[in-house]
Amino acid sequence: MSIDMSQFYQAFFDEAEELLAEAEHLLLALDLDNPDSEDLNAIFRAAHSIKGGAATFGMTDMAEITHVLENLLDKIRKNEMALTGEHVDTFLEAKDVLNSQLEGHRSGADVDRDVQEEVKRKLKALSEGKPVSAAAEMAAAAASAAAPAAPKPAVVAPAAVVDKMRHYNIDVKALSEKDTANLEGELGLLGDVSSKRLDNGHVAFSLKTEDSEDDIISICAFIVEPEDIKITLQSAAAAPGAAAAPADGKQRYNIEVPELSDKDAENLKSELALLGDVSISKAGGKTIFALTTEDSKDSIESICSFVVDLETLVIKDAPSASAAAPAEDLAVASNGFIEGDGFGFFEPITPPPAAPAAEPEPEPAKPVEAAPAPVIEKKPAAAKKEVEKAAAVETTSIRVGVEKVDQLINLVGELVITQAMLEERISKLDPVTHEDLLNSLGQLTRNTRDLQESVMSIRMMPMDYVFSRFPRMVRDLATRLGKKVEFVTSGAATELDKGLIERIVDPLTHLVRNSIDHGIEVPDVRHQSGKNETGRLSLSASNRGGNIVIEVTDDGAGLNRERILSKAKQSGLPVSDTMPDSDVWQLIFAPGFSTAEQVTDVSGRGVGMDVVKRNVSAMGGVIDIRSALGYGTTMSISLPLTLAILDGMSVSLGDNMYVVPLNLIVETMQPQATDIKTVTGAGFMVHVRGEYLPIIPLYSLFNQPTQITNPVDGVLVIIEAEGKKAALFVDGLVGQQQVVIKSLETNYRKVPGVSGATIMGDGSVALILDVPTIIKMGQNNNSEGVYQ
Amino acid sequence: MAKTILAVDDSGSLRQMVAFSLTAAGYQVVQAVDGQDGLNKARDQVVDLVLTDQNMPNMDGLTLIKSLRGMSSYQKVPILMLTTESSDEMKAKGRAAGANGWLVKPFDPKRLIDVVQKVIG
C-alpha cells in the first residue's frame, strides 16, 4: 500500500510553525540565571517534535538543524551545560532559519544556505562548549575542505529521504589522537559511535545513526579531507553482536491440542500467527497447528495457555522447514531483543504471559477480571496536576478554506434577512388566530440568531495570533536602541474576526515601534527622572460592548503638547493654543507629521501615524490617544467585532431608512424647545446634561426631503466617535436590529457619510451611516439655517 | 470487528499520518495528544494495541506505559514505543516500563503497518 505523505505536509507546516512560535515565546521569557526546567523541556520538545516530523516528511534540512539544536538543548536541560545569552541568541537565529526553511518547503521559496550552515556550525560549536566564534574557524575549515555540506534541495521526494537507523563503518586515513577524539565527538552528534585504531594507521569509526552519508561526510569535513574518508554501510542486522544471531533460527513445531471449537481454533491460530507461519488441521479428535517460528516452545505454550489447558497441550518438534519458510526480517540482537529494520520487540511478540492462575484472554480488547494487577510504580501526584493541563491542550480541528466560511457567512446573512422579512410580514397577522405560526416563527428567530452567532465565531481568532509576534520584535528593537523594555500582554485570548486580525498587524507594529523609539527613554534618562530603568510596554486586548479595544501603553516620556503645537504651526495646520489635549494628540495623525528630533532607522520619518489612522478607519475602527508628559502614552484602538454583521438602530428620514451603528450611539432624546440654542454662523446646539452638542440635521446633510425640519418634532440621536459627540437629527426611531453589511463601494462607489448598505426586513435597502465622517461633515455643514 | 489502536503523540501531523495509515489498513484508531490524554482514552475504551511517543508534555511515554501496565485491563495489551532514540538504554527503559517493542522514528506508513500487523494481525 502506498500512502501519499504530501497530504500531511500542511498539518506539519502548521504544527511546526506553532511549535517554533511557542519555542520563541519561551526563549524570550527565559531567565538566564535561573531557567525554568519546564520551559527548557518544552523548548526541547518543540525541537524534538519538529525533528521527528521533518524527518518523517522528508525535510532533511530542517531535521538536520533541529537535530543539533536538540542535542544542545538536551545538554542544557540536563544541566550538563549552563544556559548563556549566546545560547539564546543562537537558538533564536536557528528558529529564524527553521522558519525560512519551513517557508521554503511550503512555498518553494529560496532558502539561504549559508545562513543555515552558519547556524548549524554555531550550534555545534556551542554544544561542544566552544564560543560561537569557534564556528567561524570551523566554517573556514569546512570551506577549505570543499564543503560538501550543502543541505539538500528544499523540496525532496519524501520516500527517497526517509532515513532509517543505519550502521556505518568509517575508515579515515592517518589521524592524530586529538583529531580522532574530536571526530568521535562530532560523530557522536549523529548517533552512537566507537573508534578503533587500525594497524595501517587508519582509524575505523563505527557509527550507528539515522543520518545520511552526506551528513557524515560534512561532519568529517571539519577535521579531515573528504578524500581520506571511506564510508561503508552495514545493514542493521549486521551490527556487532547482531551478526551472531542465527540467520535461520526457525523451527517447525506441531502443536496438538484437544479438538477446539471453530472460534477457539481461529483465535489460537491468529495468536500463533504472531509467532510465525501457521496452518491448521484436525485429526483424531485433535486440532493440530503446524507452526514455523524462531520462538521457543515456552512462548508457544504461553500463547496457547490463553485458549487451552497446558496439560492437554503437546508440542512436537517437526522436521525443520527452514528452506520452505518465508524469509523473516527479524533477528535476535546481542541485547536479547528481536530486532528488525528500524523496529523491534523485547520478546516474542505476544502479550506477556500471565500468572498461571490468570484467566485465559484470547481477545485482549475485552476488559476481564484478570488476576490482580501487580503494583507498578505510579506518579499519582504529578498525574493529577496534569489532568487539567491535558484537557486544555486537547485540540481536534479541521481545516477549511476561508472562502467556504465566507460563503457560509454570506448565506447565513441572507437567511437573517429572509427571517426578518418573514417576521415583518407575520406581524401584520392576527396574533390570536395565528398563534401557532407566531410561536414557530419565534423559534425560527432564536435558531437563526444562534446559527448566525456560531457561524460568525468560525471566523474569530484569538488576538494571540497578533500579540505573539511582538516579544521578539520588542527585544530586538530595544537591544538595537540600547533601551531596557519589559513587555507584557494581556487579553491574548480575546477573539477578533480573522479579516480584522490580519489587518491590525501593521498598525499595531507601528504603534509598538513608536512606543519603544519615541516613548520609552534610554535607561540614563529614566534613571534621572526617577523611573525604573526598565521601561514597561504593555499590549492589551479586551471586549467592550460590541467592540474590541486594543491598547498599546508605555510608561515613557509621553506626548509633548508644546512641541506638537509648534510643529503643527510650522506645518501650517490649523491650531490654537487653547485646544483640548485630545485634539492636540489627534494632530500627530496628520500626514507627514513628526516631532522626532532626529530620524532613526526605526521611526521618525513622519510617515506612519496617518497610515495607522487610515488603516484603522478602514476597518471601521477609531484610534484614541491618552498621554501625560513624563508618565507615558496609551494608544487605544477600538474595532468592531466583525465586519459582516452590525447591531444597528434604524432611523427614518422622509421615506427612507438609515442604520446607525448601535455602539456609537450614546443616547436618543426628544429635545425641548428651550434646549435648542442658536449659534450665529454655526447652526444649532442642543443642551444635554450640561454639554452643548452641535445638531447635525441628516436631511440637510444628505439633501433628502422630509416633513420634519424642527428638532423638537423629531428625534436627536447622540452619537460619539473619535472623542467627539454630536446630535444627529432624524425624523424618528424605527427599531433596533442586526443588519448584514453589504459594501456600497464594491457595488457602487464610496459615498461620504455612508459606510455601507443593508437589506431590511421588508426588502428595502437602507444605508448604514459612517458616524465619524458625519460628525466631521456636520462641523463644516452646520452654517445653514435649520428651522424657524 | 476492526481492531482498535491507541496512537499517542503530541505531534499532530505524525498522529494524523499514523491514524491515516492504520485506518487505511483497516484498523480503528483512537488518537491522544499526550500521555495523560492517552491514559484517559485508554480508560474509556480498552484497545488492542497502544502506540506511544516517548517525549511528550504532561506525561511522557514511559510513564504512560507504566500506568497502563498498572491497570488490570492493560496487562496483556501490546504496547509499542515510537521513538527517535534507539539506544540500548532507551530500549531497556522501555522494556522495564512494560513495552513490548519499539519502532524507530522516522518511519514510513508501510513499515508502521507491517509492524502493527506483526503484533495484532
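Laboratory data are not the source of any read-out in this text; all were calculated from the coordinates shown. Computed from a predicted model, the values in this text were never measured in an experiment. Here Cβ is always computed from backbone atoms with ideal geometry, including for glycine, and neighbour counts include all displayed protein chains.
Okay, here's what the table says:
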read-out: Neighbour cut-off at most 15 other Cβ (10 Å), DSSP loop, GluC sites (Glu not before Pro), the stretch A:522-574; value: A:E533
read-out: Peptide-level mean, for B:15-26, of C-beta atoms on other protein chains within 10 Å; value: 3
read-out: Trypsin sites (Lys or Arg not before Pro) restricted to the stretch A:690-749 and DSSP loop, no more than 12 other C-beta within 10 Å; value: A:R749
read-out: Per-residue mean of C-beta atoms belonging to partner chains within 10 Å, peptide A:731-742; value: 0
read-out: Above-threshold pairs, the threshold being 31 Å between Cα atoms, out of A:K130/A:K230; A:K78/A:K498; A:K120/A:K173; A:K75/A:K208; value: A:K78/A:K498
read-out: In order through the stretch A:651-658: 3J(HN,Hα) via Karplus (6.51 cos²θ - 1.76 cosθ + 1.60), integer Hz, x for Gly, Pro; value: 10, 9, 8, x, 8, 9, 10, 10
read-out: A:S764 versus B:R43: modelled label distance in nm, points set 7 Å from Cα along the beta carbon direction; value: 6.3 nm
read-out: Förster-model FRET efficiency, 60 Å R0, A:Q736 and A:E86, C-beta, rounded to 0.05; value: 0.50
read-out: Partner chain coverage, peptide A:683-693 - average Cβ within 10 angstrom; value: 0
read-out: 18 Å cut-off, amide nitrogen to a point 7 angstrom out along A:N747 Cα→Cβ, residues in the stretch A:656-677; value: A:656-661
read-out: Potential extension, A:D577-A:Q407 segment - 0.36 nm per residue separation minus Cα distance; value: 55.9 nm
read-out: Per-residue ³J(HN,Hα) for the stretch A:739-750, Karplus 6.51 cos²θ - 1.76 cosθ + 1.60, θ = phi - 60°, Hz, x for Gly and Pro; value: 10, 8, 7, 10, 6, 7, 4, 6, 9, 9, 7, 6
read-out: Sites matching trypsin sites (Lys or Arg not before Pro) across the stretch A:437-480 that sit in DSSP coil, with at most 12 neighbouring C-beta atoms within 10 Å; value: none
read-out: Modelled FRET efficiency - R0 45 Å, A:E184 with A:D31, Cβ distances, 0.05 increments; value: 0.80
read-out: Calculated from backbone phi, Karplus (6.51, -1.76, 1.60) coupling profile of the stretch B:17-23 in Hz, x at Gly/Pro; value: 5, 4, 4, 4, 4, 6, 5
read-out: Gain in span if fully extended, A:M669 to A:N439, counting 0.36 nm per residue against the direct Cα distance; value: 79.4 nm
read-out: Length gained when the stretch A:S490-A:D74 is fully extended (0.36 nm per residue, less Cα-Cα span); value: 146.6 nm
read-out: Theoretical FRET efficiency, 1/(1+(r/R0)^6), r = Cβ-Cβ of A:V611 and A:T773, R0 30 Å, to 0.05; value: 0.95
